[in-house]
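Following: one structure in structure tokens, then a few remarks.
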Amino acid sequence: MSASPALEADGLVRRFAGVTAVEGFSLRIARGEIHGLIGPNGAGKTTVFNLLTGLLRPSAGRISLLGRDVSARSADARARAGLGRVFQRTQLFATLTISEHLALVDPAARGGQWVEAFGLGGWLASFPMALPHGVARKVELALALAKGSPVLLLDEPAAGLTEVERRDLSHLLRAARDDARTLLVVEHDLEWTLSLVDRLSVLDGGRTIAAGQPQEVVRDPKVRLAYLGEEGALA
């Protein structure tokens, strides 16, 4: 019998004051997988992300994390159960150094493995305001990994990064996967996403319109129609 998925959503619905933002969304991410979630502007990606992390409760549907139903659990409870999140905007404490941030999440080792992997040794005494954007993103990912969360959700991790930084980020995320982590990446940069993920889901109008191997998904006429208003393949 196969292991339960790391993260699964089944028939999620979310309504706001009579408006349906997400309708019947489903997702299944295997353990040790990098899964991409893409979609045109207004597709419902942020709402789905907030549903998965517990910042919003679904109007209907079910979410399971590592084989356990967490649909009614808070964001904090999901974090304790193994779900980590890296936000689109930097979420660091202005008055703490990077070393102090690491000590909060990993008092014993101070995230040493990930400090070395991310090349952060020279920034440990720095405060967040002194960090270049690419370094700040690395710090946030290192913190998420140092917490030990087996499942990580990343909200546009490549936003604002240079081409070199995006390439470095891809290597780091693959290293996290190889460290037995499961990743869900929501990203606008389609080319970067296709080069990274094992599987891909496409959201439009709050629904999953395609899912599977990346190159197969982008050839789906429904995906082309959602992005460009015409049928055919994106790549």
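The values are calculated or read from the model by the stated rules, or taken from the named source; none is laboratory data. Keep in mind it's a predicted model, so treat the numbers as computed, not measured. Virtual Cβ from ideal backbone geometry, glycine too; neighbours counted across all protein chains shown.
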N50 fails exactly one of (1) in contact with a strand residue (DSSP E or B) (Cβ under 9 Å, 6 or more places away or on another chain); (2) in a loop (DSSP other than H, G, I, E, B), namely (2)
Could you say whether any residue in the range 108-125 is over 26 Å from A175 (Cα atoms), of a type outside the set (A, V, I, L, M) and more than 15 Å from the chain's Cα centre (by Cα)?
no
Those residues of the range 122-159 that are at positive phi and either of a type in the set (D, E) or in contact with a strand residue (DSSP E or B) (Cβ under 8 Å, 6 or more places away or on another chain) (or both) come to a total of 1
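So that you can scan it fast, the table gives a plain yes or no per residue for (1) surrounded by fewer than 15 Cβ atoms within 10 Å (Cβ to Cβ); (2) over 20 Å from L154 (Cβ atoms); (3) among the hydrophobic types (A, V, I, L, M, F, W, C):
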position	(1), (2), (3)
P5	no, no, no
I29	no, no, yes
N41	yes, no, no
N50	no, no, no
Just one listed residue, out of S195, S201, is closer than 20 Å to T47 by Cβ, at pLDDT 90 or above and hydroxyl-bearing (S, T, Y), and it is S201
Counted residues in the range 159-191 being of a type outside the set (V, I, T), out of contact with any His (no Cβ under 8 Å at 6 or more places or on another chain) and either outside the structural domain of P40 (by TED's automatic domain parsing) or touching a residue at least 60 places away in the same chain (Cβ under 8 Å) (or both) come to 8
Residue count, the range 204-219, condition modelled with pLDDT of 90 or more, more than 16 Å from G42 (Cα to Cα) and surrounded by 16 or more Cβ atoms within 10 Å (Cβ to Cβ), comes to 4
